[in-house]
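Participant: Structure below; questions to follow.
The values are calculated or read from the model by the stated rules, or taken from the named source; none is laboratory data. The model shown is predicted, which means the values in this text are computed figures rather than measured ones. Using ideal geometry, Cβ is built from the backbone for each residue, glycine included, and neighbour counts are taken over all protein chains shown. Note: accessible area is taken over every heavy atom of the protein model, side chains too, but ligands, DNA and RNA are not part of it. Shrake-Rupley method; radii C 1.70, N 1.55, O 1.52, S 1.80 Å.
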Amino acid sequence: FFNHSHRKASNRGSRLYLRREDRKPGTMIFSKHIVFLILSSLFGLHVKGSEGLSSPMPIKTTNRILFDVPVSNNGARCRIIAYKKGIPESELTIMSPADMGGTKSADYLAINPQGKVPALKDQTTGLCVAESDTVSRFLLAEYAHYGPSFQPNNPISNTMARFHDIYLSSIQSCFYKPGPPFGTFGIRKDALKEYSKQLHILAEMMDPSGPYLCGKEVSFADATIFPSIVFAAHMFPKFDHGIEHTIPEKIQAWFDNVKSVDPTFQKVYDEMMGSISKWDEAGRWDKIHLAGIRDTDPRTIFDKIIAGEIPATVVKEDDKILAFKDINPAAPAHVLVIPKDRDGLTRLRKATSDHVEILGRLMVAAAEIARDESLGFGEGARIVINDGKEAGQEVFHLHVHVLGGRAFSWPPG
């Protein structure tokens, strides 16, 4: 397929983009005459409407193709390097995987079996390189003679980039994914808090002299971290997370300043925001927990117990759950288990995939309590969750009843 005409020139799903030197960097253009000459010379193809073309002219095809999409923050580091180094378009072309049928197409999976961006293919050798760190370092090595070096051997820059890839990239899906997991986190709020924590760690590694993260010269850390702050700056405010300072002041100041002093960073910012704005228009966050879906119900007596405002006989507690004896027991042993953060769980039917982890924690806690003979439990226990007033729910903060110490009949009353 060709970018502007969308006419089929072969049965493969790829597109060919050519660029003119006198156009704005990054602007893709199409010439059907030039494309025909390339195709006909390579494959002996005859394209309808090609009659009357001038004789073939020598064309140098691009050596390498970088597969990426504008919204990709990991791929954006590669684009920052390519743009700022001024790598000639005759040597490196940026193409969307969509032009090959998508990231899950057989053609693209042959380049990156993980089906993700970015990826790079060397047209001459057939070498395929995947993953943003590997692709970007390949560009730094292969095009070391172009533009700034990005300080590939700077230990602080490399440490910051590595921290980013391990501790930020792995959980960034908490900003836009409908449900967990978010890396190792099963609770979105925990992932958001961890993201903010890691940003504060990175802030302490910055060189205050600026304007870049490692001082006066642009570094690999700048290319790596900047695109992720595009995400964080736009998406953190969408969530009800309870974090006071999501992005450290030093990182926010660097982010704002580098856009104003370096056109390459502003360009990549515009590319990413062009796609992110479409997510906004499509209502991407409307049905995402803590963003479009929030807990707006009033506090209950359980919140006061959690806060220590009302006394309770606590039998079990950790960072996520609290278990205490029911003040109106329906059995010799009667314990309530609740999540410390209600997180929208006023009742069981409000549960979503975002609550899988906390629901599991509640069940495990209930099982441990039911085994505790010191609390009056014997060989069996009844585990009950009342869902709504008709089912007997009185406090609208999800809670699990663990009852024991006597025989129970069925069906329950």
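Participant: Restricting attention to the stretch 147-168, does a residue exist that is among the aromatic types (F, W, Y), surrounded by 16 or more Cβ atoms within 10 Å (Cβ to Cβ) and over 21 Å from the mean Cα position of the chain (by Cα)?
Facilitator: Start the filter on the stretch 147-168 by keeping residues that are among the aromatic types (F, W, Y), which leaves 150, 163, 167.
Imposing the further condition that a residue be surrounded by 16 or more Cβ atoms within 10 Å (Cβ to Cβ) reduces the set to 150, 163, 167.
Next, from what is left, pick out any that are over 21 Å from the mean Cα position of the chain (by Cα): 150.
The answer is yes, given that some residue of the stretch 147-168 is among the aromatic types (F, W, Y), surrounded by 16 or more Cβ atoms within 10 Å (Cβ to Cβ) and over 21 Å from the mean Cα position of the chain (by Cα).
Participant: Is at least one residue of the stretch 261-271 open to solvent by 60 Å² or more (accessible area, probe 1.4 Å) and touching a residue at least 24 places away in the same chain (Cβ under 8 Å)?
Facilitator: Yes: one or more hits.
Participant: Could you list all residues from the stretch 354-394 that are under 22 Å from T296 (Cα atoms), open to solvent by less than 30 Å² (accessible area, probe 1.4 Å) and of a type in the set (V, I, T)?
Facilitator: Listed by number, the list holds a single entry, I358.
This table checks each residue for (1) open to solvent by less than 50 Å² (accessible area, probe 1.4 Å); (2) of a type outside the set (A, V, I, L, M, F, W, C); (3) more than 18 Å from A233 (Cα to Cα); (4) within 21 Å of the chain's Cα centre (by Cα).
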{"position": "P118", "(1), (2), (3), (4)": "yes, yes, yes, yes"}
{"position": "T125", "(1), (2), (3), (4)": "no, yes, yes, no"}
{"position": "R137", "(1), (2), (3), (4)": "no, yes, yes, no"}
{"position": "Y143", "(1), (2), (3), (4)": "yes, yes, yes, no"}
{"position": "S173", "(1), (2), (3), (4)": "yes, yes, no, yes"}
{"position": "Y176", "(1), (2), (3), (4)": "yes, yes, no, yes"}
{"position": "I187", "(1), (2), (3), (4)": "yes, no, yes, yes"}
{"position": "E194", "(1), (2), (3), (4)": "yes, yes, no, yes"}
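Participant: Would you call L322 hydrophobic (A, V, I, L, M, F, W, C) and within 25 Å of R188 (Cα to Cα)? Don't jump to the end; show me each part of the working.
Facilitator: Numbers: hydrophobic (A, V, I, L, M, F, W, C): yes; within 25 Å of R188 (Cα to Cα): yes.
It is true that L322 is hydrophobic (A, V, I, L, M, F, W, C) and within 25 Å of R188 (Cα to Cα).
Participant: Please identify the pairs in which a residue from the stretch 279-291 that is more than 17 Å from V230 (Cα to Cα) has its Cβ atom under 6 Å from the Cβ atom of a residue that is of a type in the set (D, E) and open to solvent by less than 90 Å² (accessible area, probe 1.4 Å), counting only partners at least 6 apart or on another chain.
Facilitator: That search, which allows pairs on different chains as well, returns H289/D354; L290/D240.
Participant: Say whether the condition of being open to solvent by less than 10 Å² (accessible area, probe 1.4 Å) and in a loop (DSSP other than H, G, I, E, B) is met by at least one residue in the stretch 224-235.
Facilitator: No, there is no match, as no residue in the stretch 224-235 is open to solvent by less than 10 Å² (accessible area, probe 1.4 Å) and in a loop (DSSP other than H, G, I, E, B).
Participant: Does any residue in the stretch 122-148 that is touching a residue at least 24 places away in the same chain (Cβ under 8 Å) and under 21 Å from S219 (Cα atoms) come within less than 7 Å, Cβ to Cβ, of a residue that is small (G, A, S) and open to solvent by less than 50 Å² (accessible area, probe 1.4 Å) six or more places away or on a different chain, and which pairs are these?
Facilitator: S132/G75; V135/A119; S136/A223; L139/A82; Y146/G86; G147/G86
Participant: Which strands (runs of 3 or more DSSP E) sit wholly inside the stretch 295-357 and have at least 2 residues that are at pLDDT 95 or above and of a type in the set (V, I, T)? Outline the logic, then answer.
Facilitator: Values: elements: 314-317, 321-325, 333-339.
Result: 314-317, 333-339.
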